[in-house]
Structures are given as C-alpha cells and as structure tokens.
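Note sheet for the following structure.
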Amino acid sequence: MSERSRVSVASIYEPIKDGLELVEKRLKSLASVEFPWVSVPLSYVLDSGGKRIRPVLTLLSGKFYNYELDRLVTMGTGIEVFHTASLVHDDAVDKAVTRRGKPAVNQVWGEGIAVLLGDYLYALSADLICSIGDLRVMELFAKTLTELSSGQLRETFGTRNWKQTREGYYEQINSKTASLFAASTGGGAILSGAPEKSIEALKSYGRNVGMAFQVVDDILDFTADAKVLGKPAGNDLLQGTITLPTLLFMEQHPKDRSVKTLFEKKGGQEEVNRIIEKVRNTSILEDCYKVAEDFSARARRDIEHLPDKDCRRAMNELADFVVERRK
C-alpha cells in the first residue's frame, strides 16, 4: 500500500458535523418504543457505534447544492438502519459470534429473534425513507434493497464454491456492499436538487468507494487482530466465502489445493490459519491494496468536476480513508 499521510476522521466529518449529531440522536430515539423486548435489542444494535460512513456520505453529497438538513438527516438515518438490518441478517445466516467487538444479536437472543429484528429494521428504514416524500429517493431505496438482497443470496448459494472468478467477486461486492454506498450518495444528491450529471457522478463515487471499502474489509480479514476487527480473523474463509486475497492466491498458486480441501472437507480454524499464513507470506495483500487504491482513485475522479467546496475535499479524504483504515 502506498505511503500517505494519515487522514483525520474528524476532518472528514467536520463539514457535516451538525447533521451527523442529529443522525445519532435520531438513531437513539428509534429504540424508544413501548415494548422492552423490542427496545432492548434495538438499542443494542443501533447504539453499537460504527463509522457511520453511509449517512456521512449522504450528508456530504447533499451539501454541494441545497443543504436541506432535515430531509438529509432522515435519509442518512434510514440508510444506517438499512445497513444495520443487513448486518443482523448476515450474522444470523453466518451464525456469527461477534459483531463490532461484542456478541452478535443471534448469540444473545437466538437466530429467530435476529431474523425478526432484521426484518423490523428493514421495515423501519423503509418507513423513514418514504416519510421524506420524494418518489425518486423511494425508487432508489427499493432498487438498492433488491440489489443488496440478490448479493446476499449470491453469496449464500456460492458458499464453499472454490471455483469462483474475480469477475464474480466484483459483481458480488458491488451488489452486497457498493450498492448501498451508491444509494447513500445518490440519495443525498437527489435531495439537494443536484443536476443530473452531478447525481450520476456522486452515485458513481459512492459505488467506487464502496468497492474499495469491501476490498479492504476482505484484506483485514487476513491481517487484523480479532479485537481490532471486532470479529474473528479469517472468518470469511471459515464461513466458506471466497474474497479477493483468496482468489489471487489460487490464481498465483494453481497447484496449491488447500482452499479446495478446506471447503470440501469443511475444515476448521487450524486449516484457515495455515491458508492465512500462506497468503501473508506473498505479495498478495499488497496487490489487493492496489486494487482498493484504484477504486479510490476512480471515486476521486468521479467528483473532480463538482463545485470546489469543503464537502468535496472531505469526500476526497474519505476515499483515502477507506483504504487506510485498520478496522
């Protein structure tokens, strides 16, 4: 990975600090429902932190033109609730143990409650988005839900398929991750009354940032300490999911059958650790960072013609941050 000065998260968030504080307050208020068996798990997932990158993207994208804070805050909150729903469902499907450094919902309340909570969160996010009253934003939300769900299905049906291709991997992360980033920026642009060319530029920026974000996520699964990552290292391999580091390893070492054996025999953590060590002893992770940097560079190019404002500077820094982050 190329050397850059560290990007300050506070610097990125500064132009929309007011809006982000309102998003946080809105998220907390959503858990204030009458029934404790709903409010307790809601608080558990909505107060669990995270980088809030998606609502930040909505707010920043909405600041190039007419910054309608109330509607942008509602959009950002809805996007974050949508994202949280997808994590809860993912963890239930994967039987995950931890999320963001604490027990996953399915471990605390069981898989059935996790699925129902995810459903509730999806419905809640839809209610928030529809309350804005913008038909184009509603259509964007519906298309994103379809795209993300198809990505989740693709990943589930592709479990333990060691014959996957790099093209298939890019399609997968585009659907499952980058689509929501594009909706975040696209929604913000639409609500600000941006010209059509700018809306498309910001949607493309979001998609490229989302691609870079997921590639780095997949790298961190091979490099980060479990305490830093907030979930077990090597979890993707353990779940039978092929990511870019594994794909490049198989491409560069076609005679090595360790991944095929892991998936076919449903091996455990010991076999996963051996594969991780093999990958770490090559240049593959650096190659993956170059892929992420390429997506980040595309994102910066997407917005270079937009008005020269503090939000554009912040979005350029954010494109760097998603590559540099360590968790």
Kindly indicate the residue of segment 44-81 that is polar (S, T, N, Q) and out of contact with any helix residue (DSSP H, G or I) (no Cβ under 6 Å at 6 or more places or on another chain) and also modelled with the lowest pLDDT among those meeting that condition. Ser48
So Thr156 ticks every box in (1) more than 18 Å from Leu244 (Cα to Cα); (2) assigned to a helix (DSSP H, G or I); (3) not charged (D, E, K, R) but one. Which box is left unticked? (1)
Taking the condition of being closer than 19 Å to Leu180 by Cβ, touching a helix residue (DSSP H, G or I) at 6+ places or on another chain (Cβ under 7 Å) and free of Cβ contacts under 8 Å to residues at least 24 places away in the same chain, how many residues in segment 108-125 meet it? 0
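So that you can scan it fast, the table gives a plain yes or no per residue for (1) part of a helix (DSSP H, G or I); (2) within 17 Å of Gln214 (Cα to Cα); (3) free of Cβ contacts under 8 Å to residues at least 40 places away in the same chain:
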site: Gly267; (1), (2), (3): no, no, yes
site: Val272; (1), (2), (3): yes, no, yes
site: Ile276; (1), (2), (3): yes, no, no
site: Leu285; (1), (2), (3): yes, yes, no
site: Arg298; (1), (2), (3): yes, yes, no
Please enumerate the residues belonging to segment 252-290 that are β-branched (Val, Ile, Thr) and within 14 Å of Leu220 (Cα to Cα). Ile276, Val279, Ile284
Could you give me the residue pairs with C-beta distances under 6 Å whose first residue belongs to segment 30-59 and is surrounded by 23 or more Cβ atoms within 10 Å (Cβ to Cβ), whose second residue is at pLDDT 90 or above and not in a helix (DSSP H, G or I) wherever it lies, and which are 6+ apart or on separate chains? none
When the residues of segment 297-327 are narrowed to those that are among the hydrophobic types (A, V, I, L, M, F, W, C) and farther than 15 Å from Arg207 by Cβ, which ends up surrounded by the most Cβ atoms within 10 Å (Cβ to Cβ)? Val323
For Tyr205, indicate whether it is closer than 30 Å to Tyr65 by Cβ, assigned to a helix (DSSP H, G or I), among the aromatic types (Phe, Trp, Tyr) and out of contact with any Pro (no Cβ under 7 Å at 6 or more places or on another chain). yes
Please find, among Ser198, Ser184, Ser150, the residue that is in contact with a Lys or Arg (Cβ under 7 Å, 6 or more places away or on another chain), part of a helix (DSSP H, G or I) and polar (S, T, N, Q). Ser184
Just one of (1) part of a helix (DSSP H, G or I); (2) of a type outside the set (D, E, K, R); (3) farther than 17 Å from Arg312 by Cα trips up Leu57, so point out which. (3)
Report yes if Asp256 is without any contact (Cβ under 8 Å) to a residue 24 or more places away in the chain and acidic (Asp, Glu), otherwise no. yes
Candidates Leu244, Leu262, Leu285 - the one that is among the aliphatic types (A, V, I, L, M), buried (at least 17 other Cβ atoms within 10 Å of the Cβ) and touching a Ser or Thr at 6+ places or on another chain (Cβ under 8 Å): Leu285
Could you pull out the residue among Ala319, Ala299, Ala233 that is touching a Ser or Thr at 6+ places or on another chain (Cβ under 9 Å) and modelled with pLDDT under 90? Ala233
Would you say Lys163 is surrounded by fewer than 22 Cβ atoms within 10 Å (Cβ to Cβ), assigned to a helix (DSSP H, G or I) and basic (Lys, Arg)? no
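The values are calculated or read from the model by the stated rules, or taken from the named source; none is laboratory data. Since the model is a prediction, treat every value here as computed from it, not as a measurement. Please note: Cβ atoms are built from the backbone with ideal geometry, for glycine as well, and neighbour counts cover all protein chains shown.
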